[in-house]
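Peer 1: Pasting a structure here, questions to come.
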Amino acid sequence: MVGHAECEGGRSAPAPASQCSAGHRSGRLGGVDRGLSAFLVASTRDGTEVARVDDPPRPMVAGMRKQRRLAKSVTRKVKGSNNRRQAVARLGRHHAWVANVRRHFLHQVTTELVKTHDRLVLENLNTAGMLSNRCLARAISDAGWAEFARILSYKQAWRGGSIVVADRWFPSSQIGSCCGDRNTELTLADRTFTCTNGHRLDRDHNAAVNLAAWGEQHHNTQARAPEARAPVINVRRREGAGPHIRVGETSPSDAETNTYTALV
């Protein structure tokens, strides 16, 4: 059973249903596939699934009805009036709650991954280009893929780990991890990959295995995701000068916190 972790503003967000083994940092490299159906699936090259998060909070979608109501309330108030200022403040608090729930969730997932893996492989996703798809833009924004890559990068740097970035054109979802066959006709609606020999595997799990295999072959690839919009923080600073923490980031000591105490 998955518990709920308290968030800012008195509301709660579901803790991620990750299946990672907390407390054990593996030297093996793990491939991490991000998606919309399952937020994250991580696997080793031999096909062992080490993490899966199927039910992210999706705070923007969950709070869309309230956001529309608050936005309408703003437009109905007289400009410059005290009532309008109060309505704008209520809308701002709602946006802050959405951001806090998403950030809390991303910190939980990334902390668990860096605790259990020395090396992780991510796809070089063109998130900015994907947002031009009006059918998927809201879901992609709510998932926070680019923010996930950024947080994972600086936390891995804190712990001395590395992020391997797979080539943007690497077809991780179209290649069978057990046979090497490629299915170029695979669509987003297809949730399983079927090889020519009849072997079937979950689409996201198959992509994670392929990413892990790619990472072992290209382990000298750059150690940060290009979509992560901030540089990796270098924690080796002169004595007395700690890392500069940005808004929404945790400190190196926070990375040691067991964020899964909320699971019951």
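The values are calculated or read from the model by the stated rules, or taken from the named source; none is laboratory data. As the structure is a computational prediction, the values presented were derived from the model and not from experiment. All Cβ positions, glycine included, derive from the backbone under ideal geometry; neighbour counts span all protein chains shown. We work out accessible area using only protein heavy atoms, side chains counted, and drop any ligands, DNA or RNA first. Shrake-Rupley method; radii C 1.70, N 1.55, O 1.52, S 1.80 Å.
Peer 1: Tell me which of these Arg237 doesn't satisfy, since it passes every other one: (1) over 23 Å from the mean Cα position of the chain (by Cα); (2) modelled with pLDDT of 70 or more.
Peer 2: (2)
Peer 1: Also: For the stretch 86-112, which positions are touching a Leu at 6+ places or on another chain (Cβ under 8 Å) and surrounded by fewer than 23 Cβ atoms within 10 Å (Cβ to Cβ)?
Peer 2: Result: Ala87, Arg90, Leu91, His94.
Peer 1: Of the residues Ser81, Ser43, Ser73, which is in contact with an Asp or Glu (Cβ under 7 Å, 6 or more places away or on another chain) and small (Gly, Ala, Ser)?
Peer 2: Exactly one residue qualifies, and that residue is Ser43.
Peer 1: I need the full set of residues from the stretch 62-83 which are loosely packed, with under 10 Cβ neighbours inside 10 Å and among the polar types (S, T, N, Q), in order please.
Peer 2: Residues satisfying the conditions are Thr75, Asn82.
Peer 1: Right, next: Would you say Arg134 is charged (D, E, K, R), part of a loop (DSSP other than H, G, I, E, B) and out of contact with any Pro (no Cβ under 6 Å at 6 or more places or on another chain)?
Peer 2: Considered against the rule, which asks whether it is charged (D, E, K, R), part of a loop (DSSP other than H, G, I, E, B) and out of contact with any Pro (no Cβ under 6 Å at 6 or more places or on another chain), Arg134 comes out as yes.
Peer 1: Follow-up question, since we're still on this one. Evaluate the stretch 151-164: report whether one residue or more is more than 15 Å from Phe39 (Cα to Cα), without any contact (Cβ under 8 Å) to a residue 60 or more places away in the chain and in contact with a Gly (Cβ under 8 Å, 6 or more places away or on another chain).
Peer 2: no
Peer 1: Could you list, in sequence order, the residues of the stretch 172-205 that are open to solvent by 30 Å² or more (accessible area, probe 1.4 Å), over 17 Å from Ala38 (Cβ atoms) and part of a loop (DSSP other than H, G, I, E, B)?
Peer 2: Passing the criteria: Gln174, Cys178, Cys179, Gly180, Asp181, Asn183, Thr184, Glu185, Thr196, Asn197, Gly198, His199.
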